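Reviewing the structure listed below.
The values are calculated or read from the model by the stated rules, or taken from the named source; none is laboratory data. Keep in mind that this is a model prediction, so the values were computed, not measured. A quick note on method: Cβ atoms are made from the backbone with ideal geometry, for glycine too, and the neighbour counts reach across all protein chains shown. What goes into the accessible areas is simple: the full protein's heavy atoms, side chains included, and nothing from ligands, DNA or RNA. Shrake-Rupley method; radii C 1.70, N 1.55, O 1.52, S 1.80 Å.
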Amino acid sequence: MSQLHECTFNKDYLSAATILFIENNEKIRSEATEIFTAFFRKVLVATDINDAINIFKANRMDIDIILTDIDMPDFGGIVLLAELRKIDWDIPVLISSNFSDPDILLKAIKFNLTNYIVKPIQLNTTLKIMSDIMLKKQQQKELAIKNNELRQFMSILDSYNIICELDLNFKITLANDSFLMNSGFELDELIGLHFNNKNIFRHSDVPDIKIKEILVNGKTWVGFSKKMTKAGEFYYTHSTILPIFFNDGRIKKFVEFSTLISKYENEIQSLRKHIFLLKSENLKNNSELKKEREHYYNIAQNLQSQMDDNVNNAQKNLFEIYELKKQNAILRDKLKIQEKRFEEFQATIMSGR
């Protein structure tokens, strides 16, 4: 094994990993093990098939990567791959070989081979390949975690928010289930309808033209909305409408996130009616009436405060979702690059056959 001159790999990924190294040549095994020990968290060493299988079964949950000699008598390396894959199909496996027989590589590929290393092993190249593999594993773990978080956040958003997307002409292009459920419309009935359609949107106190002016200037509008259902009934929301940008700063679309506040609005209206009745029936008891009014006014204020807290929490979740989507896209791009490299590797092998 050649000596390491210039480090071209990330040591941190290796220092957290456990490798199972399988080599029947005593000299190569000894030299490589000594070097691997300096970089990996733990190095498990096997000399033959049975030894390798037993070690793998005993340490399966700890082992992150396997490097095995494929040049064993009677296709022993292929037999070992087959046995390992019976236990775990996905664990990264690298093979080292002289490749004097090209059929060995083709047979190894069938067992979900991760990569190969030509003997004599070049240390820098070998550790770089392993580092890249561990990076990919880490990305996959992070992607799985973020996908799970994304599903949870999306579930929360869909449960507590009414969401629709608008194109640059302020026409509806998408609406979530909560929007459809509260409005009574089917999705195909909403697609293409304009933002200023009074049968759907009625934004309190602010003209629609003013809202559009705010949005096209790249700013966010926040306010109360009075929306109409398909049946002609009204429901109330606290809405945030914001522009979504391309990487170059151009506006891609607009998204409205709304929190349903009809329940609070109806409760406030009921309280107002109750206060009015109390005033009509208890004109002689102004002192008691004043206490009652203050009591219900405090309740209304508390309801308003709860509504504001819910809106703030929903908006916070929204921005976290968008950050997760960005990170998710970056991770997917990196995974695609790794997959493309492997496809190019396979194409090279097949064309050289």
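I'd like to know if the stretch 13-29 contains one or more residues that are in the same structural domain as residue 104 (by the TED database), among the acidic types (Asp, Glu), within 23 Å of residue 128 (Cβ to Cβ) and surrounded by 13 or more Cβ atoms within 10 Å (Cβ to Cβ).
There is at least one residue in the stretch 13-29 that is in the same structural domain as residue 104 (by the TED database), among the acidic types (Asp, Glu), within 23 Å of residue 128 (Cβ to Cβ) and surrounded by 13 or more Cβ atoms within 10 Å (Cβ to Cβ).
Which ones in the stretch 195-210 are among the basic types (Lys, Arg), at pLDDT 70 or above and closer than 17 Å to residue 229 by Cβ?
198
Inside the stretch 108-129, can you point out the residues that are polar (S, T, N, Q), surrounded by fewer than 16 Cβ atoms within 10 Å (Cβ to Cβ) and part of a loop (DSSP other than H, G, I, E, B)?
112 - this is the single residue of the stretch 108-129 that is polar (S, T, N, Q), surrounded by fewer than 16 Cβ atoms within 10 Å (Cβ to Cβ) and part of a loop (DSSP other than H, G, I, E, B).
Taking residue 221 and the conditions (1) modelled with pLDDT under 90; (2) closer than 20 Å to residue 316 by Cα, which numbered condition does it fall short on, given that it satisfies the others?
(1)
Let me spell it out: the conditions are (1) more than 28 Å from residue 9 (Cα to Cα); (2) among the charged types (D, E, K, R); (3) surrounded by 15 or more Cβ atoms within 10 Å (Cβ to Cβ); (4) modelled with pLDDT under 80, and residue 146 meets all of them except one. Which number is the exception?
Tallying (1) more than 28 Å from residue 9 (Cα to Cα); (2) among the charged types (D, E, K, R); (3) surrounded by 15 or more Cβ atoms within 10 Å (Cβ to Cβ); (4) modelled with pLDDT under 80, residue 146 fails exactly one: (1).
Out of the residues in the stretch 30-50 that are without any contact (Cβ under 8 Å) to a residue 24 or more places away in the chain and surrounded by fewer than 20 Cβ atoms within 10 Å (Cβ to Cβ), which is farthest from residue 121 (Cα to Cα)?
Looking at residues that are without any contact (Cβ under 8 Å) to a residue 24 or more places away in the chain and surrounded by fewer than 20 Cβ atoms within 10 Å (Cβ to Cβ), I get 50.
Can we say residue 132 is over 30 Å from residue 313 (Cβ atoms), within 30 Å of the chain's Cα centre (by Cα) and surrounded by 14 or more Cβ atoms within 10 Å (Cβ to Cβ)?
For residue 132, the condition - over 30 Å from residue 313 (Cβ atoms), within 30 Å of the chain's Cα centre (by Cα) and surrounded by 14 or more Cβ atoms within 10 Å (Cβ to Cβ) - is met.
Kindly indicate whether any position in the stretch 173-193 is in contact (Cβ under 8 Å) with a residue 24 or more places away in the chain, part of a strand (DSSP E or B), under 30 Å from residue 330 (Cα atoms) and open to solvent by less than 70 Å² (accessible area, probe 1.4 Å).
Taking every residue of the stretch 173-193 in turn, at least one turns out to be in contact (Cβ under 8 Å) with a residue 24 or more places away in the chain, part of a strand (DSSP E or B), under 30 Å from residue 330 (Cα atoms) and open to solvent by less than 70 Å² (accessible area, probe 1.4 Å).
Restricting the search to the stretch 78-107, which residues are in a helix (DSSP H, G or I), surrounded by 14 or more Cβ atoms within 10 Å (Cβ to Cβ) and at pLDDT below 85?
The answer is 104, 105, 107.
Considering (1) touching a Ser or Thr at 6+ places or on another chain (Cβ under 9 Å); (2) buried (at least 16 other Cβ atoms within 10 Å of the Cβ), say which one residue 75 fails and leave the rest.
Checking residue 75 against (1) touching a Ser or Thr at 6+ places or on another chain (Cβ under 9 Å); (2) buried (at least 16 other Cβ atoms within 10 Å of the Cβ), the one that fails is (1).
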